[in-house]
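Inspection log for the structure reproduced underneath, given as structure tokens.
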Amino acid sequence: MASIALSHLRKTFGKVIAVNDVSLTIADGEFVALLGPSGCGKTTTLRMISGLEMPDSGSIYINGKDVTNLPARLRDVAMVFQDYALYPHMTILENIGYPLKVRGVSKNALTAQVQAVAANLQIDELLMRRPGQLSGGQQQRVAVARAVVHRAQVFLFDEPLSNLDAKLRLEARAFLKHLQREVGITAVYVTHDQAEAMALADKIVVMKEGGIVQVGTPLEIYRYPANTFVASFIGSPPMNLLSCQLDGSQLQVLAGDDTQSIGIERMALPSRLTAGSQFTLGIRPEHIRLKTTPTANSIRGHLYVTQTLGSESLVIVRVGDLLITIRLFQDEAPPLPDVVYLCFETDHLFFYGQDGQVLQ
Ligand code: ATP
């Protein structure tokens, strides 16, 4: 296994700055997710680590060795990309076993290793077929299996589970996580699915417009989003973000024609908030309590819709021009009147300045 260090990586395609000044360290045995919306530079970063793309500037180190100018085949990385790159003329057994064959592993040992990994990924029934006879999701698992038997020092995954149905996706995630625990692989995993990143990664790197906006463990990122971009990207449903203004001893929720005030006695306000300041208040759906009668410091809203999710339910309430989501840890929302009241748990509030960055 290996550590990875990226230092001031930059890559442009014509006028497009795909990756801009990315520096990151990945410890030996760490599973890191690059997370962000489409086009933020995740794949380009991964391709530079693999050697398939050369940076305009900056350096890449694997185990302390500068590999920036080393060709991909000399970097000992196993890659699973969105296009699975399977050999069409080989059987699935031969495809998965190829890295072992190159290494001169005996046929019996190769078959045993391939069968064990294939069983974990539920493709052991398909070993005698060829890639053209498999569905997209099955091909994807073959590509993952080939990377796993490769046992390279670094694993690079680019949305490797995107073609799987929900159930298989959960199983494949569990297998990858288990593999990491067993073998301690160093992995960089590209995804735009925050739930996938949360479930798999030791460390999440949130990217936006070619740069890194926050790095942390899944819980750090969830509990302390550094800016409104991360706050609105992590969590499903995401954090509610409300435009507010400080007005004397009141916090005004600016909701178009229905601006409402909340008393701030028990709120720990950031010191940078002064009278008249405008800011964004963040509160996660699970930290709003729903009442049917007004209470001190509640705001009034109109029931918009309820959603039953099985183990929990969501209530969406309209306050002026805002829609606020509340998570209830019960399988079904109780019958609710048209007018409801929302109480924010004051120790779970986030304050963001007009630049979107968290206020201390
Ligand atoms: P996705 O989740 O959609 O795969 P991403 O975060 O992985 O997106 P990249 O594929 O790294 O994003 O692309 C970053 C930016 O660079 C995008 O604006 C993309 O259009 C551009 N880009 C990537 N590859 C090329 C290329 N070969 N030629 C020109 N532009 C490119």
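The values are calculated or read from the model by the stated rules, or taken from the named source; none is laboratory data. Note that the structure is a prediction, hence the values are computed from the model and not measured. Heads up, the Cβs are rebuilt from the backbone with ideal geometry, glycines too, and the neighbour counts pull from every protein chain shown. Side chains are part of the model used for accessible areas, which takes the heavy atoms of the whole protein and leaves out ligands, DNA and RNA. Shrake-Rupley method; radii C 1.70, N 1.55, O 1.52, S 1.80 Å.
Working with all protein chains in place, sort Leu52, Leu161 by solvent-accessible area computed with a 1.4 Å probe, largest first.
On the way: Leu52 80, Leu161 5 Å².
The ordering from most to least exposed comes out as Leu52, Leu161.
Hey, if you drop one equal point scatterer on each alpha-carbon of region 225-360 and run the Debye formula without solvent, what base-10 log of I(q)/I(0) do you get at q = 0.14, 0.15, 0.18, 0.20 Å⁻¹?
Evaluating at q = 0.14, 0.15, 0.18, 0.20 Å⁻¹ gives log10 I(q)/I(0) of -0.61, -0.71, -1.02, -1.24.
Can you give the accessible area of Phe13, probe radius 1.4 Å, in Å² rounded to 10?
90 Å²
What is the distance in Å between the Cα centres of region 176-211 and region 45-68?
Region 176-211 and region 45-68 have Cα centres separated by 19 Å.
I'd like the distance between the alpha-carbon centres of region 127-158 and region 299-315, rounded to an integer number of Å.
41 Å
I'd like the accessible area for Glu182, computed on protein heavy atoms only with a 1.4 Å probe and all protein chains in place. Round to 10 Å², please.
The accessible area of Glu182 comes to roughly 130 Å².
Could you sort Arg141, Arg318 by accessible area so the largest value comes first, with the probe set to 1.4 Å? Show your work: numbers first, answer last.
Values: Arg141 15, Arg318 100 Å².
Heavy-atom accessible area, descending, gives Arg318, Arg141.
Using a 10 angstrom cutoff on alpha carbons, build the Gaussian network for the chain and name the most mobile of Ile212, Ile299, Ile92.
Per the Cα network of the chain with a 10 Å cutoff, Ile299 tops the list.
On the accessible surface of region 240-352, probed at 1.4 Å, how many percent belong to carbon and sulfur atoms? Please report the intermediate quantities before stating the final value.
Numbers: 2570 of 5530 Å².
C and S atoms contribute 46 percent here.
So which of Lys177/Lys208; Lys11/Lys65; Lys65/Lys203; Lys15/Lys42; Lys42/Lys177 end up more than 24 Å apart by C-alpha?
Working: Lys177/Lys208 26 Å; Lys11/Lys65 21 Å; Lys65/Lys203 22 Å; Lys15/Lys42 18 Å; Lys42/Lys177 21 Å.
The answer is Lys177/Lys208.
Starting from the eigenvalues of the Cα gyration tensor, five times each then square-rooted, give me the equivalent ellipsoid semi-axes of region 1-151, largest first, whole Å.
Values: eigenvalues 201, 63, 35 Å².
After diagonalising the Cα gyration tensor, the semi-axes are 32, 18, 13 Å.
First compute the accessible area of region 101-228 with a 1.4 Å probe, then give the percent of it belonging to carbon and sulfur atoms. Spell out each step's value before the answer.
Numbers: 2840 of 5730 Å².
So the carbon and sulfur contribution to the accessible surface is 50 percent.
How would His302, His8 rank on accessible area, largest to smallest, probe 1.4 Å? Don't jump to the answer; show the numbers that get you there.
Values: His302 65, His8 105 Å².
Greatest to least solvent exposure: His8, His302.
Give me the 1.4 Å probe accessible area per residue for the chain, excluding ligands and nucleic acids, in Å². Show your work: numbers first, answer last.
Details: 16630 Å² over 360 residues.
Dividing the accessible area of the chain by its residue count gives 46 Å².
So for the chain, taking the charge dipole from beta-carbon charges (+1 Lys/Arg, -1 Asp/Glu), which of Gly39, Ala143, Ala268 sits furthest toward the positive end?
About the Cα centre, the residue reaching furthest to the positive side is Ala143.
For Lys291, which lysines qualify as cross-link partners when the Cα separation must be under 26 Å and same-chain residues fewer than eight apart are set aside?
none
When the dipole is taken about the Cα centre of region 4-233, and only Lys, Arg (+1) and Asp, Glu (-1) are charged at their Cβ, what size is it in debye, to the nearest 20? Show your work: numbers first, answer last.
Numbers: 24 positive and 21 negative charges, 82 e Å.
The calculated dipole for region 4-233 is roughly 400 debye.
Okay, helix-only estimate at 222 nm for the chain: each DSSP H run of n ≥ 4 adds -39500 (n - 2.57), divide by all residues, round to 500 deg cm²/dmol; what do you get?
On the way: 8 runs with 86 residues, N = 360.
Mean residue ellipticity, 222 nm, calculated: -7000 deg cm²/dmol.
If you take the charge dipole of the chain about its Cα centre, with +1 on Lys and Arg Cβ and -1 on Asp and Glu Cβ, which of Asn240, Thr186, Val215 is farthest toward its positive end?
Working it through, the farthest residue towards the positive pole turns out to be Thr186.
With every protein chain left in place, what is the accessible area of Leu328 in Å² (1.4 Å probe, nearest 10)?
Rounded to the nearest 10, that gives 30 Å².
For region 149-211, what does the alpha-carbon gyration tensor say about shape, rounded, prolate or oblate, given a ≥ b ≥ c as the root eigenvalues, a/c under 1.5 as rounded, and a/b over b/c as prolate? Mind showing how you got there, number by number?
Numbers: a/c = 1.72, a/b = 1.14, b/c = 1.51.
Because a/c hits 1.5 or more and a/b fails to exceed b/c, region 149-211 counts as oblate.
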